[in-house]
Structure formats: structure tokens, C-alpha cells
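Each remark here refers to the structure printed beneath this line.
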Amino acid sequence: MEVVEFKSLVEDVVAKAMKLKDDYTDQKTAKVNYSAIFSHNPGEYAALVEVANEIGKVIDDTPTGPLFHIEALDTCAGQLKLVKVRKPDETRKERGDADFTVSDYDSFKRTYLPRPGFRLITRSKMEMIELTAPGFDVRAYFSNPPLDLQFAIK
């Protein structure tokens, strides 16, 4: 895979996740702060990591794959500087996900969490709301605090 193809893949995942967000929430102006590409086999994973290393550096080596701080990538949902390459995972058949920053997380949580397709995920230092829907090959997330803030990415 070439750098241009990788960037195009990330842009496509963000665009599809933005459509998912826009179809199911009123957060039309929420900007992307993070995206993940889901690899589907070990060979694809290795190729994606190799290309990601060309445009950024690993800032967190998570159990599910490395998180890269990349040179700013202009997407339809704003500038993106954080991209993860996720290891193959049977629970992640989609192509990827994007995480969006909402202006009032607590209000967003109260409004959308009870609705179908939304699910709360808690972690030690954060929580996030996941959105999935039939017909979408991506997931959308809304994290508190967003990853760009957690890693002080400006």
C-alpha cells in the first residue's frame, strides 16, 4: 500500500463515519479528532503499519494496535492528526472508525445513549459512546475526554 492509498482510506473512513454521525445525531459540526483503520488479516496489518510509520510516529502502542501522531490530514470533518492501525479482530469486521468531539458530552450522553445503536464503553481514564448502524461499514465514537486532548495534540 502506498501513502496516497492509506490517506485515501483514512479519508473514506472519516467521511463514512461522519455520515453515520450526521444521520443519527444533531452534531453536524462535531470535528474528527481520531480515526482507526481496522485490518482484516496479518498481511494487511503489517502493510498498514508500514505506511503509517512513513507519515507519523507511534505515540501509544496499545494491545489492539499502534496509535500514530501523523502529519495533519485534511478530511471532510476537519484536520486529523491521530490514526490507529487496529490488529485483526473478529469483532471488527468494518473498515474503521472515527471519533468526533462534541461540544457538550454530558448532554450528548443523556440524549443519545438511550437510543438504539448507541452504547457506552468505559475505560480507566475515559469513556466513550459508540454508534453502529446497519448499512454502515464504519463505527462512530464520541469520547470524553477526546484522544487529542488526552495526548495534548494541537
- Residues located in region 119-132, provided they are in contact with a strand residue (DSSP E or B) (Cβ under 9 Å, 6 or more places away or on another chain) and either closer than 18 Å to Arg95 by Cα or of a type in the set (Ser, Thr, Tyr) (or both): Thr122, Glu130, Leu131, Thr132
- Message: I'd like to know if region 130-151 contains one or more residues that are modelled with pLDDT under 95, within 16 Å of the chain's Cα centre (by Cα), in a helix (DSSP H, G or I) and farther than 20 Å from Thr29 by Cβ.
- Response: yes
- Within region 88-106, residues under 14 Å from the mean Cα position of the chain (by Cα) and of a type in the set (Lys, Arg) come out as Arg92, Arg95
- Over region 89-106, the set of residues free of Cβ contacts under 8 Å to residues at least 12 places away in the same chain and among the polar types (S, T, N, Q) is Thr91
- Go through Lys81, Lys109 for me and flag whichever is buried (at least 16 other Cβ atoms within 10 Å of the Cβ) and either polar (S, T, N, Q) or free of Cβ contacts under 8 Å to residues at least 40 places away in the same chain (or both). Lys109
- Report yes if Asp60 is exposed (fewer than 14 other Cβ atoms within 10 Å of the Cβ) and in contact (Cβ under 8 Å) with a residue 60 or more places away in the chain, otherwise no. no
- Item | Residue tally, condition in contact (Cβ under 8 Å) with a residue 24 or more places away in the chain and assigned to a loop (DSSP other than H, G, I, E, B), over region 112-123 | 2
- Query: Looking at region 68-78, which of its residues are without any contact (Cβ under 8 Å) to a residue 60 or more places away in the chain and not acidic (Asp, Glu)?
  - Reply: Phe68, Ile70, Ala72, Gly78
- Query: Of all residues in region 89-103, which are part of a strand (DSSP E or B) and out of contact with any helix residue (DSSP H, G or I) (no Cβ under 7 Å at 6 or more places or on another chain)?
  - Reply: Thr101
- Of all residues in region 38-66 being in a helix (DSSP H, G or I) and among the charged types (D, E, K, R), the one that is farthest from Val138 (Cα to Cα): Glu54
- When restricted to Pro88, Pro116, the only residue closer than 26 Å to Ala47 by Cα and out of contact with any strand residue (DSSP E or B) (no Cβ under 6 Å at 6 or more places or on another chain) is Pro88
- Task: Kindly indicate the residue of region 14-43 that is of a type in the set (A, V, I, L, M, F, W, C) and touching a residue at least 60 places away in the same chain (Cβ under 8 Å) and also surrounded by the fewest Cβ atoms within 10 Å (Cβ to Cβ) among those meeting that condition.
- Result: Ala15
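Please indicate, with yes or no, whether at least one residue in region 3-13 is part of a loop (DSSP other than H, G, I, E, B), over 11 Å from the mean Cα position of the chain (by Cα), surrounded by fewer than 17 Cβ atoms within 10 Å (Cβ to Cβ) and in contact (Cβ under 8 Å) with a residue 40 or more places away in the chain. Show your work before the answer.
The initial filter retains those residues of region 3-13 that are part of a loop (DSSP other than H, G, I, E, B), namely none.
The answer is no; no qualifying residue exists.
The values are calculated or read from the model by the stated rules, or taken from the named source; none is laboratory data. Small disclaimer: the values here were computed from a predicted structure and weren't measured. All Cβ positions, glycine included, derive from the backbone under ideal geometry; neighbour counts span all protein chains shown.
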